[in-house]
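So the structure is just underneath, and the comments pick up after that.
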Amino acid sequence: MTDYFALLGEPRRPWLDEEALKTRFHALTAERHPDVAREEDSGPFSALTVAYRVLSDPRARLRHLLELEAPQEPFRGIPAPASVGELFPVMGAKKQALDAFLKKRAASASALAKALLLPEQYALQEELESLLQVLEAERNRWLQEIPALDAAWTAGERPVPQLAKTAQALGYLDKWSAQIREGLVRLQIEE
């Protein structure tokens, strides 16, 4: 497995300064770009992009760190954190409501029938936007925990279960936020 931290010259830790990471990435890509670097100096240029993408995403960075530092730990079967678990039924209900509305709109044969659905569409849109705000607030709450985990990590502790829990929470929240955003776009597009 490629160590993306080493590839970008960053320490293995939960939190990284985004601007410093971006600056380092740009410097390395400028050095190693195939148009400017000697063949023996270019190294795995495309791997730099992958490394930057992983390390700049908090969830992906935590997962990568855990894979490197605790490969023996079973992370797959851990239960979702309670605050995230409470969102499962809410998310499921909104997804079902969205799918039902889109199906109803697609079955509408005339412009008048579709126009009569607009109040329902606007109400659903507002509900989805409100849910998106809840998801983003919860995501920000989990992101705020990473500096504390980083402090423990750099102090020599290895809060592996907390890192796994944070990565898992961010994974659910990122996935759900993407689904809501896609749903909002689908509401705007006539199918």
Open item on the list: Looking only at helices (runs of 4 or more DSSP H) that lie completely in the stretch 94-191, which have at least 1 residues being within 20 Å of the chain's Cα centre (by Cα) and of a type outside the set (A, V, I, L, M, F, W, C)?
Closed with: 118-143, 146-154, 160-188
Open item on the list: Between a residue in the stretch 75-88 that is in contact (Cβ under 8 Å) with a residue 60 or more places away in the chain and any residue that is surrounded by 12 or more Cβ atoms within 10 Å (Cβ to Cβ) and polar (S, T, N, Q), which pairs come within a Cβ distance under 9 Å, given they are 6 or more apart or on different chains?
Closed with: Phe75/Gln168; Ile78/Gln168; Ala80/Gln168; Pro81/Thr166; Pro81/Gln168; Val84/Gln168
Task: Filter pass, Ala97 being in contact (Cβ under 8 Å) with a residue 24 or more places away in the chain, of a type in the set (A, V, I, L, M) and surrounded by 15 or more Cβ atoms within 10 Å (Cβ to Cβ) - done: yes
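Just so you know, all these numbers are worked out from the coordinates, no wet-lab data involved. Because the structure is a prediction, the values reported are computed rather than measured. Ideal geometry is used to build each Cβ from the backbone, glycine not excepted, and the neighbour counts take in all protein chains shown.
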